[in-house]
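First the structure, in the form of structure tokens, and then the observations on it.
The values are calculated or read from the model by the stated rules, or taken from the named source; none is laboratory data. Bear in mind the structure is a predicted one, so any value in this text is a computation, not a measurement. When we count neighbours, we look across all protein chains shown, and the Cβ atoms used for this are built from the backbone with ideal geometry, even at glycine.
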Amino acid sequence: MPATAAIAGNQCLDRLVSHPAEFARCRIDTTCFLFITEDPFVFIGNISNDPTDPLNPRTPFPCTEFAVRGLSGFSFSFYKKLWPSSPDLCVYAGDVDECTFNGLVDFLSDTRTLGHPGYGMAFAVVNALVFSPVRRQLGISSSSILEDRLVMVRRKQSHAGFWAQSKFGLTTLSWPFTASTWAVVLHAFMAALLVRNIAGGELELAEAHFGPSQNLVRCVPYAIIAIVVVWWEAAFIIGSTSTTLTKPLSGLTDIDLCPFTVTRDTAMEVMWLSIVNSGRESNPINISGLATGTTHRTWRTCDTATSCFQQVTTGGRSPSPRCDSAGTTDVFVTFQPVLYSQMRQHPELCDALEVLATEEEVFRFTLGWMYADVVTPNATAAAAWASRRADIDVAIRQARLDQTTKDTLDKMIGKQAPCPLEMRRVQPGQLILPLVLTLAVLYVFALLLALGYPPLQTALSRQRRPLETEALVHPRMSPWHEGRRGCSRW
């Protein structure tokens, strides 16, 4: 086939067609890694677009020399940490409007065709979501570099308060506390009632001095109720709007998908739609038609993480005529590292977004590198490439075992989101301490009153008796009489 036909429509690695000599080493003994922008794995900074500039990242360069070309990200830092003096080459495959991940994977597959400009070259794609059903058959996957899960981020809804909700019931009322928390509350309340019934009966006349202690014991159940109400109301104030999808993800209709957006032409879009299709047996979405344009999306797509989050925060409209013209883009389907990275770059997103919970187990992804299944008569080059792939796999597995991968990623994006994004429910451990302290303090105080109040009352009574006797024997004159007596002396 003609050289340009093999990559028509994708425009991935167009420099291979215009400057084939620069890629000669990729055919001899060197692995050439292809990359595109992908937050937080590859950041494209202020790069040169001059075709004659040797620092133009579209020209193959040693993978460890990324910083001088305006490149950064987890993948480059991870690579340099594991192979500080490797002979591998890296190449920028194109901007977001020129090349996509699916386009790169298709490019690898096309290099097996005789006449393709990349035929016989050892290319590899960085940061591909490997182990998807289609990609398993299109290349050779490296060991898994890291694994994480898909998340759905929604623009925060109006927090008008609990009573503004249109429907609520027992489930809604009990939601702020988990089942275990309710069990803790019930046990504490029953214990307080038991003590109240044992020590709260009517007192005999001789036991009247135990009245203050008994009154305090009787108040303990009410104190528990007050604490529970305060925590329950606080949970509703913090999260008056549920962050659970109103419908299961599997089986969403075309109209239900209008508020969603996802990165265009990626395995993530394919895997997400696979979950949706699992409940659409009679009317599945034609996923294979996304690349050819025969499948018309009702959901929106975006090219970069920044543009995706912007779609959600601004509430843009879906371009599909099948969607409500007044509807907005509310939910972004992404991966956890992308979310954490964007939160650190744009702290204002903390006030704008929340993470949705789903009823089903949403898939976890596996990030790795995909190698072209090279067709070459050069046995020496084939052996060299196979040996290099084996070395890379060993280093990747070792990096996961000794926490190098985790430490490198944590340094890049942090161990958790810089702000709380998920709805918070009161857990048992959060309520046990206030309840225990309340019971302990009130009961200890009641015990002190029971032990200390009677002797104190007796002592005060003894001190009061002589004073009362003296008052009867020597009645005190009124101030008027005192004044008269004083004046008479003069």
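If T261 meets every condition in (1) at pLDDT below 75; (2) part of a strand (DSSP E or B) apart from one, which number is that one?
(1)
Would a scan of region 17-26 turn up a residue that is in the same structural domain as D402 (by TED's automatic domain parsing) and crowded, with 19+ Cβ neighbours inside 10 Å?
Within region 17-26, one or more residues are in the same structural domain as D402 (by TED's automatic domain parsing) and crowded, with 19+ Cβ neighbours inside 10 Å.
Are there any pairs, at least 6 apart or on different chains, whose C-beta atoms fall under 6 Å, with the first in region 366-386 and at negative phi and surrounded by fewer than 16 Cβ atoms within 10 Å (Cβ to Cβ) and the second part of a strand (DSSP E or B) and at pLDDT below 85, and if so, which?
The qualifying pairs are D373/I140.
On the basis of being over 26 Å from N215 (Cβ atoms), part of a helix (DSSP H, G or I) and modelled with pLDDT of 80 or more, does R400 make the cut?
yes
Which of the residues spanning region 242-253 are modelled with pLDDT of 85 or more and surrounded by 17 or more Cβ atoms within 10 Å (Cβ to Cβ)?
Of everything in region 242-253, just one residue is modelled with pLDDT of 85 or more and surrounded by 17 or more Cβ atoms within 10 Å (Cβ to Cβ), namely L252.
Can you pull out the residues in region 99-128 that are under 19 Å from M268 (Cβ atoms) and not polar (S, T, N, Q)?
Correct list: C99, F101, G103, L104, V105, D106, F107, L108, V125, V126, A128.
Taking the stated definitions as given, is R389 in contact with a Leu (Cβ under 8 Å, 6 or more places away or on another chain) and either surrounded by 16 or more Cβ atoms within 10 Å (Cβ to Cβ) or part of a helix (DSSP H, G or I) (or both)?
No.
Report yes if T306 is of a type in the set (S, T, N, Q) and touching a residue at least 24 places away in the same chain (Cβ under 8 Å), otherwise no.
Yes; evaluated as a whole, the condition is true for this residue.
The rows are residues; the columns are (1) hydrophobic (A, V, I, L, M, F, W, C); (2) surrounded by 14 or more Cβ atoms within 10 Å (Cβ to Cβ).
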{"residue": "T266", "(1), (2)": "no, yes"}
{"residue": "M271", "(1), (2)": "yes, yes"}
{"residue": "N277", "(1), (2)": "no, yes"}
{"residue": "R280", "(1), (2)": "no, yes"}
{"residue": "P284", "(1), (2)": "no, no"}
{"residue": "R297", "(1), (2)": "no, yes"}
{"residue": "T314", "(1), (2)": "no, no"}
{"residue": "S320", "(1), (2)": "no, yes"}
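Could you please let me know if T380 is part of a loop (DSSP other than H, G, I, E, B), modelled with pLDDT of 80 or more, farther than 18 Å from V126 by Cα and in the same structural domain as A24 (by TED's automatic domain parsing)? Quick ask: steps written out before the conclusion?
Numbers: part of a loop (DSSP other than H, G, I, E, B): no; modelled with pLDDT of 80 or more: yes; farther than 18 Å from V126 by Cα: yes; in the same structural domain as A24 (by TED's automatic domain parsing): yes.
Taking the combined requirement at face value, the residue does not satisfy it.
For the subset of region 321-366 comprising residues that are touching a strand residue (DSSP E or B) at 6+ places or on another chain (Cβ under 8 Å) and among the aromatic types (F, W, Y), which member is modelled with the highest pLDDT?
Going through the qualifying residues, I end up with F332.
It is to be established whether one or more residues within region 387-395 are in contact with a helix residue (DSSP H, G or I) (Cβ under 6 Å, 6 or more places away or on another chain) and modelled with pLDDT of 75 or more.
Yes - at least one qualifying residue is present in region 387-395.
Determine, yes or no, whether D39 is in contact with a Ser or Thr (Cβ under 6 Å, 6 or more places away or on another chain), touching a residue at least 60 places away in the same chain (Cβ under 8 Å), farther than 19 Å from I396 by Cβ and in the same structural domain as C99 (by TED's automatic domain parsing).
yes
On the phi > 0 side of the Ramachandran plot and in the same structural domain as K406 (by TED's automatic domain parsing), is that true of G70?
yes
Only residues in region 280-299 that are modelled with pLDDT of 85 or more count as the first member; pair them with residues that are aromatic (F, W, Y), Cβ under 7 angstrom, at least 6 apart or cross-chain, and list the lot.
So the pair list comes out as W299/F260.
Contact list please: Cβ distance under 6 Å, first residue in region 98-110 and farther than 16 Å from L290 by Cα, second residue part of a helix (DSSP H, G or I), pairs at least six apart or on different chains.
Hits for this filter: D110/A6.
Got at least one residue in region 47-61 being β-branched (V, I, T) and in contact (Cβ under 8 Å) with a residue 60 or more places away in the chain?
no
Is it the case that G201 is surrounded by fewer than 16 Cβ atoms within 10 Å (Cβ to Cβ), assigned to a helix (DSSP H, G or I) and modelled with pLDDT under 65?
Spelling it out, it is not the case that G201 is surrounded by fewer than 16 Cβ atoms within 10 Å (Cβ to Cβ), assigned to a helix (DSSP H, G or I) and modelled with pLDDT under 65.
Is at least one residue of region 323-330 part of a strand (DSSP E or B), surrounded by fewer than 21 Cβ atoms within 10 Å (Cβ to Cβ) and in contact (Cβ under 8 Å) with a residue 40 or more places away in the chain?
no
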